[in-house]
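Working notes for the structure below.
The values are calculated or read from the model by the stated rules, or taken from the named source; none is laboratory data. Note that the structure is predicted; figures quoted are calculated from it, not measured. As a convention, Cβ positions derive from the backbone with ideal geometry for all residues, glycine included, and neighbour counts pool all protein chains shown.
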Amino acid sequence: MFNRILNDAFSLVFGNLETVFKVCGSWFVLQFVLLLLIQAMVGDAPDPSGETAQVSPAAILSSLLLMVVGTAAAASISVAWHRFGLLGERPDLIHLRLGPVEGRFILKSLLIALLLFAVVFPVSFAAAFIGGALHSPVILAVVLVVMALVLLPHVARLYLALPAVAVERPIGLKEAHTLGHGLGWPMVGAALVLILPFVLVAFGLQYLAQTVGGGGLFALLITIKLALLNVLLQIILTVVGISVITAGYRIAMERPHGNLPGTPSNPA
């Protein structure tokens, strides 16, 4: 199961790079231009180390705007990529679609996030309280690690509800969890194997960008190349994570119990 999810997700991304950039490119450009406009109008953020540092209302509104656009972009990209992977639907050259399907996708994502928060917050609060009472911060760290190990496969199974929304065959979170029986850890493992190398490369590029010193044309060209590579890495990382969920959903729907109410018997 792990090998198939890993291979399917890898092939889906790197066998269709043109589609990857169609799905993500316009949204990434829009967010980049919006960020430049906000920086030009609001200016750099105040230094938090300053004694009189304050956050202006304009900066707060700008942050909210970026968050809203980022959420819309994530939903639009995810829906388009799930539909491509499961239905073969190819996006237009300029993909900025945001409709009812993307809206339902956002709501389902928020529902999963709220459910996760409802589980994690009280446990973390209790562990922090006990650790503070016993003057042992290790307790909180241990609880968080154990909780992550317990929750990760279950959260991965819940995320199978998202591609179901994308292909317009929505299912509940309980159905998604049932649908993903035996797929939790394989999905988590495949995501780690695929994402970790790109994360390490991204950190490496960030380090190189900080070490490029001095002025001149050469330093400018190096900085621009590193920035472009970093954007490409962000695009690849975005679709790799989505592809793991797509691959898991495809496998789940191929199994005998995959034909849950409201879902297609063969979404591929």
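Answer yes if at least one residue in the range 143-161 is touching a residue at least 60 places away in the same chain (Cβ under 8 Å) and hydroxyl-bearing (S, T, Y), and no otherwise. Scanning the range 143-161, I find at least one residue that is touching a residue at least 60 places away in the same chain (Cβ under 8 Å) and hydroxyl-bearing (S, T, Y), so the answer is yes. Summed over the range 1-53, the residues that are of a type in the set (S, T, Y), modelled with pLDDT of 90 or more and out of contact with any His (no Cβ under 8 Å at 6 or more places or on another chain) give a count of 2.
Restricting attention to the range 86-98, does a residue exist that is hydrophobic (A, V, I, L, M, F, W, C), crowded, with 18+ Cβ neighbours inside 10 Å and either under 21 Å from the mean Cα position of the chain (by Cα) or modelled with pLDDT of 95 or more (or both)? Among the residues of the range 86-98, at least one is hydrophobic (A, V, I, L, M, F, W, C), crowded, with 18+ Cβ neighbours inside 10 Å and either under 21 Å from the mean Cα position of the chain (by Cα) or modelled with pLDDT of 95 or more (or both), which makes the answer yes. From the list A75, A59, the lone residue that is farther than 21 Å from N230 by Cβ, modelled with pLDDT of 95 or more and not basic (K, R) is A75. If I ask for residues that are under 14 Å from S243 (Cβ atoms) and not in a helix (DSSP H, G or I), which ones from the range 156-182 would you list? Hits for the range 156-182 are Y159, L160. Residues in the range 102-155 that are assigned to a helix (DSSP H, G or I), small (G, A, S) and either at positive phi or modelled with pLDDT under 90 (or both): S124, A126, A127, A128, G131, G132, A133, A141. Taking each residue of the range 226-248 that is of a type in the set (V, I, T) and looking for partners that are assigned to a helix (DSSP H, G or I) and modelled with pLDDT under 90 with beta-carbon atoms closer than 9 Å, six or more apart or interchain, yields V231/F32; I236/F198; V240/F198.
Scanning the range 99-115 for residues that are in contact with a helix residue (DSSP H, G or I) (Cβ under 6 Å, 6 or more places away or on another chain), of a type in the set (A, V, I, L, M, F, W, C) and either touching a residue at least 40 places away in the same chain (Cβ under 8 Å) or loosely packed, with under 11 Cβ neighbours inside 10 Å (or both) gives V101, F105, I112.
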